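Engineer: Take this structure first; my questions come after.
The values are calculated or read from the model by the stated rules, or taken from the named source; none is laboratory data. Just so it is clear, the model here is predicted, and its values are computed rather than measured. Cβ sites come from the backbone with ideal geometry, for glycine too, and all protein chains shown count toward neighbours. Calculation scope for accessible area: heavy atoms of the full protein, side chains included, ligands and nucleic acids excluded. Shrake-Rupley method; radii C 1.70, N 1.55, O 1.52, S 1.80 Å.
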Amino acid sequence: MKDGPLQDDDARLAAMGHRPELQRTHSTWSMLGLAFAVLNSWTALSASLSISLTSGGSTSVIWGLVTAGFCNLCIACSLAEFLSAYPTAGGQYHWVAVCCSLVPPAVQTNEWKVAWPSSVPILSWVTGWINVAGWVALVATNSLLSSQLIVGCISVFHESYVPQRWHQFLIYIGLTVGSFIINAFMNSILPAIYRGAFMWSIGGFVIVSITCLACAAPNYNSAYFVFCDFVNTTGWPDGVAWMLGLLQGGLGVTAFDAVAHMIEEVPNADIEGPKIMVTCVGIGVFTGSIFLIVLLFVAGNMETVTTSAAGPLLQILIDATKSNVGGICLLMLPLVCLVFAIVSVMTTSSRMIFAFARDGGLPASRFFAKVHPTLKLPLNALILSVVVVIAFGCIFLGSTSAFNAIISASVVALDLSYGIPIAINCLQGRRCLPERKWKLPNAVGWFVDLVALSYIALTTVLFVFPPSSTVTGSSMNYCIAAFAVIISISVFQWFVDGRKNFTGPRIDITIDALDTVPTREEVEPSIEEKKIAGRG
């Protein structure tokens, strides 16, 4: 441990009102591995090609990613400022409480005033619930994408096989439970797993890209097709259809707040956290763009690609290698990446639930905020995440558009949780945050904040649209229904318990406070003394 409370991450956490309970075992590389495994950009983008190929075609696939990537990079830069100032696993709901509570009246003074004190609990509460829902939905998204690829492999080898949703659902359950076992009983080696996931992902990206180009040579599609071909089979107007295709790009570069929810397990958090958050988005956009361009150059007949039972990604790999076996062998690389993603997203989801429960934001908060004494992780929060993910999977059994709905729910919920603290900070004149290691120049800060808020406002509306203008009971986008359930539970819980007991996270961190906060060595004996006194 570093000498002196000012340099001590645990002392900073204690100043924010939380006793350090999680071990800081993640290095910068292992956390970058986790963050990139969560984004899983090139794999997630290629596995969800079906969203954009019918909703804008190649122009939506490529330029949609460029648009979503730039906007998400702006969001990441904005949130990195919050993370540098307040490195806590609570993330967005904690930052909302900060912005609503304390703001300096002028740049030149060190005096702080209370901004919207009555709004702190409810705004923090809503943000926390939305963020928790987004992360749980993201676990479900990755399990769905993985199970879809596995069903596609079966379809290739058995032409008479007719996929049923319940087949995919059973695979979905198996992947989810397997990821739970890894998270629960292999916690000590997770940093090594995430470092391996990062290397596997980058290596897989290079191997699949080079192999596809080499096998397909010289029969490539034209550059016009790759960058300019427009397809719209949704029934929506062309402009709306293209913007609906942004969902694929948004999925591939979202969830970078994983760094925030794991930050209590990273040393030197206020410096390393922001760098990792922005870097993982940049790597994701770069690798994702290159890989999608490669796939479009080597793709065969696009009508076959979009209608194939194997799924667009596997069909493109088969067309490129001219071999079923070759295509499936290449598919194993992104499939393993998706399995890594399920594990890493589940880890982050459980930490988000743990942090929110620690501040009293969930029913039975004390139960879900417990850290298992032997496993040294929030096991109850992990179990809750798995149970809700399985419940999400049940939606898939009842709707043909549930795939799009669950992806939409995860992206919309996470983007909303990003937008709330950024919006409040802007309304406060970007003066909510104290001095911090990661700080954007004022003009740059305003630019990235406004780009971020514009993108979030647009996509929040668009991504609840059904994928086709011809809407039936089974093809409706049930994202809006899922949100209604989440908000209803949140409001009910607020009136039952939240408005009485939830005051939001503690936000009175200052440099002076840090100077008076004891280090872990000073804190732990006092806790032990309390236990002894309690027995007496």
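Engineer: Restricting to the stretch 266-291, name every residue that is part of a helix (DSSP H, G or I), out of contact with any Cys (no Cβ under 7 Å at 6 or more places or on another chain), open to solvent by 10 Å² or more (accessible area, probe 1.4 Å) and more than 19 Å from residue 206 (Cβ to Cβ).
Structural biologist: Initially, the stretch 266-291 is screened for residues part of a helix (DSSP H, G or I), giving 269-291.
Those left that are additionally out of contact with any Cys (no Cβ under 7 Å at 6 or more places or on another chain): 269-277, 279-291.
Imposing the further condition that a residue be open to solvent by 10 Å² or more (accessible area, probe 1.4 Å) reduces the set to 270-272, 275, 279, 282-283, 285-286, 289-290.
Of everything in the stretch 266-291, those that are part of a helix (DSSP H, G or I), out of contact with any Cys (no Cβ under 7 Å at 6 or more places or on another chain), open to solvent by 10 Å² or more (accessible area, probe 1.4 Å) and more than 19 Å from residue 206 (Cβ to Cβ) turn out to be 270, 271, 272, 275.
Engineer: Same structure again: Starting from residues that are assigned to a helix (DSSP H, G or I) and open to solvent by 10 Å² or more (accessible area, probe 1.4 Å), keep the ones in the stretch 352-380 and report whichever is modelled with the lowest pLDDT.
Structural biologist: 358
Engineer: Spot the failing condition for residue 63; the list is (1) aromatic (Phe, Trp, Tyr); (2) open to solvent by less than 10 Å² (accessible area, probe 1.4 Å); (3) over 24 Å from residue 276 (Cβ atoms), and only one is missed.
Structural biologist: That leaves (2) as the condition not met.
Engineer: Would you confirm whether or not the stretch 78-100 contains a residue that is modelled with pLDDT under 90 and open to solvent by 30 Å² or more (accessible area, probe 1.4 Å)?
Structural biologist: no
Engineer: Quick test for you: out of 294, 343, pick the one residue that is more than 20 Å from residue 261 (Cα to Cα), outside any loop (DSSP other than H, G, I, E, B) and not basic (Lys, Arg). Walk me through how you get there before you give the answer.
Structural biologist: Values: 343 fails: more than 20 Å from residue 261 (Cα to Cα).
So the residue among 294, 343 that is more than 20 Å from residue 261 (Cα to Cα), outside any loop (DSSP other than H, G, I, E, B) and not basic (Lys, Arg) is 294.
Engineer: What is the residue count in the stretch 6-57 for residues that are modelled with pLDDT of 70 or more and either among the basic types (Lys, Arg) or touching a strand residue (DSSP E or B) at 6+ places or on another chain (Cβ under 9 Å) (or both)? Walk me through how you get there before you give the answer.
Structural biologist: Kept after step one, since they are modelled with pLDDT of 70 or more, are these residues of the stretch 6-57: 29-57.
Filter once more, so that each one left must be either among the basic types (Lys, Arg) or touching a strand residue (DSSP E or B) at 6+ places or on another chain (Cβ under 9 Å) (or both): 54-57.
Looking only at that region, the number is 4.
Engineer: In the stretch 452-475, how many residues are touching a Pro at 6+ places or on another chain (Cβ under 9 Å) and either of a type in the set (Phe, Trp, Tyr) or surrounded by 19 or more Cβ atoms within 10 Å (Cβ to Cβ) (or both)?
Structural biologist: Going through the stretch 452-475 one residue at a time, the tally reaches 0.
Engineer: Could I ask something else about it? Given the criteria surrounded by 17 or more Cβ atoms within 10 Å (Cβ to Cβ), at pLDDT below 65 and under 22 Å from residue 355 (Cβ atoms), does residue 123 qualify? Before you say what the answer is, go through the steps one by one.
Structural biologist: Details: surrounded by 17 or more Cβ atoms within 10 Å (Cβ to Cβ): yes; at pLDDT below 65: no; under 22 Å from residue 355 (Cβ atoms): yes.
Criteria not met by residue 123.
Engineer: Could you list, ordered by first residue, the pairs with Cβ atoms under 7 Å in which the first is in the stretch 365-377 and closer than 22 Å to residue 500 by Cβ and the second is buried (at least 18 other Cβ atoms within 10 Å of the Cβ) and among the aromatic types (Phe, Trp, Tyr), at least 6 apart or interchain?
Structural biologist: Pairs found: 368/354; 369/354.
Engineer: Considering only residues that are touching a residue at least 60 places away in the same chain (Cβ under 8 Å) and polar (S, T, N, Q), which ones fall in the stretch 316-364?
Structural biologist: Answer for the stretch 316-364, where residues must be touching a residue at least 60 places away in the same chain (Cβ under 8 Å) and polar (S, T, N, Q): 321, 324, 344, 347, 348, 349, 350.
Engineer: Still on this model: Please find, among 449, 508, 497, the residue that is at pLDDT 80 or above, charged (D, E, K, R), closer than 25 Å to residue 424 by Cα and open to solvent by less than 80 Å² (accessible area, probe 1.4 Å). Don't jump to the end; show me each part of the working.
Structural biologist: On the way: 508 fails: at pLDDT 80 or above; 497 fails: closer than 25 Å to residue 424 by Cα.
It is 449.
Engineer: Just to verify a result, which residue in the stretch 426-446, among those that are in a helix (DSSP H, G or I) and open to solvent by less than 30 Å² (accessible area, probe 1.4 Å), is farthest from residue 279 (Cα to Cα)?
Structural biologist: Keep residues of the stretch 426-446 that are in a helix (DSSP H, G or I), which gives 426-427, 442-446.
Then keep just the ones that are open to solvent by less than 30 Å² (accessible area, probe 1.4 Å); that gives 426, 445.
Details: 426: 24, 445: 17 Å.
Of everything passing the filter in the stretch 426-446, 426 is farthest from residue 279 (Cα to Cα).
Engineer: Given the options 423, 413, 457, name the one that is outside any loop (DSSP other than H, G, I, E, B) and touching a Leu at 6+ places or on another chain (Cβ under 7 Å). Even if it seems obvious, please write down each step before you answer.
Structural biologist: Details: 413 fails: touching a Leu at 6+ places or on another chain (Cβ under 7 Å); 457 fails: touching a Leu at 6+ places or on another chain (Cβ under 7 Å).
Exactly one residue qualifies, and that residue is 423.
Each row is one residue, and each column tells you yes or no for (1) of a type in the set (Val, Ile, Thr); (2) on the phi > 0 side of the Ramachandran plot; (3) over 22 Å from the mean Cα position of the chain (by Cα); (4) at pLDDT below 90.
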site	(1), (2), (3), (4)
139	yes, no, no, no
144	no, no, no, yes
150	yes, no, yes, no
173	yes, no, no, no
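Engineer: Take the residues of the stretch 196-218 that are in contact with a helix residue (DSSP H, G or I) (Cβ under 7 Å, 6 or more places away or on another chain) and farther than 19 Å from residue 288 by Cα: which is most open to solvent (accessible area, probe 1.4 Å)?
Structural biologist: First pass over the stretch 196-218, keeping only residues in contact with a helix residue (DSSP H, G or I) (Cβ under 7 Å, 6 or more places away or on another chain): 197-198, 200-201, 204-205, 207-209, 211-213, 215-216.
Those still in the list that are farther than 19 Å from residue 288 by Cα too: 215-216.
Working: 215: 58, 216: 4 Å².
Among those residues, the one meeting the criterion is 215.
Engineer: Restricting to the stretch 34-59, what's the tally of residues that are hydrophobic (A, V, I, L, M, F, W, C) and assigned to a loop (DSSP other than H, G, I, E, B)? Walk me through how you get there before you give the answer.
Structural biologist: Keep residues of the stretch 34-59 that are hydrophobic (A, V, I, L, M, F, W, C), which gives 34-39, 42, 44-45, 47, 49, 51, 53.
When the remaining residues are screened for being assigned to a loop (DSSP other than H, G, I, E, B), the result is none.
Number satisfying all stated conditions: 0.
Engineer: Let me ask something else. Tell me, which residue of the stretch 219-254 that is of a type in the set (Ser, Thr, Tyr) and surrounded by fewer than 17 Cβ atoms within 10 Å (Cβ to Cβ) is nearest to residue 470 (Cα to Cα)?
Structural biologist: Ranking the qualifying residues of the stretch 219-254, first place goes to 233.
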